[in-house]
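First comes the structure, then the notes that go with it.
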Amino acid sequence: MSHVLRTEGLNKRFGGIVVCDDVNLTIAGGEILGLIGPNGAGKTSLFNLISGVLRPDSGTIRLNGKAVNGEPLYRRARLGVARTWQHMLLFRSMTVMENMLVAPRHYPGESILRVTVGRAGVRSAERTARERAHAILDRMALDGTADMPVTDLPFGQQKLIGLARALMNDGPLLLLDEPMAGVEGAAYETMQRVVRQEAESGRAICVVEHNVSFIRDLCSRAVFMINGRILQDGPVEELISSTTLTELYFGA
């Protein structure tokens, strides 16, 4: 099995607080891995280490076999690490389309030199990005929102925009941090369908989620974290049915 992501002996602490303790994790292309555990277990911190928000104290992060420890966040995004955020972090003063256009991993308009001497290429890249954005929004039944201020959308649709923006990065790894928090109804069904489609396209996906039904429906394997450490890695049903893990998660 080809692993898109592999972490080896990953460690991170803030003073006496350990947020990542010797974490060894693999995710294969086409796999949706559930990352579960109580609040404060270190799940989002692990995402921050993988995506480059934080630097590990020790250990290695490999993307398609290449160590990326020394790469800053923006370079990891260009290598194909895409993610959503617990609190969405949408650009509140921008339209939906403007939020989408900041996310492609290869965009020549970011270079002043290319804007100056390669305007035709920049315009072509922007047209391509807009076409991709419309196609992604259309998949989510949101294409009519493209020119709307993102703050005019209801909460569930804003969560979908967070996922749509992440999908503008067409790389091999997608990290979803509590995508279902506050989402229900049609938005829930759309989120589930799109995540499944992305895995079918070959992406490696890791989902941090407290909605056990969402994890059960989408994931065959899950990892249980507590106190920064992976306590168990195995089939979803095995973890969910474990009395020990249930007590650690929900309390005795």
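The values are calculated or read from the model by the stated rules, or taken from the named source; none is laboratory data. Computed from a predicted structure; not experimentally measured. Because the Cβ atoms are built from the backbone with ideal geometry, glycine has one as well, and the counts that use them run over all protein chains shown.
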Breaking point among (1) more than 15 Å from residue 37 (Cβ to Cβ); (2) among the polar types (S, T, N, Q); (3) touching a Phe, Trp or Tyr at 6+ places or on another chain (Cβ under 8 Å), for residue 241 | (3)
Within segment 190-231, of all residues that are acidic (Asp, Glu) and at pLDDT 95 or above, the one farthest from the chain's Cα centre (by Cα) is 200
Looking at (1) among the small types (Gly, Ala, Ser); (2) at pLDDT below 95; (3) touching an Asp or Glu at 6+ places or on another chain (Cβ under 7 Å), which is the only condition residue 37 fails?
-> (3)
Give the residue, chosen from 33, 63, 25, 49, that is touching a Pro at 6+ places or on another chain (Cβ under 6 Å), crowded, with 18+ Cβ neighbours inside 10 Å and in the same structural domain as residue 234 (by TED's automatic domain parsing).
-> 49
May I ask you to list pairs of residues, at least six apart or on different chains, whose Cβ atoms are under 8 Å apart, with the first in segment 183-195 being small (Gly, Ala, Ser) and the second being not in a helix (DSSP H, G or I)?
-> 186/141
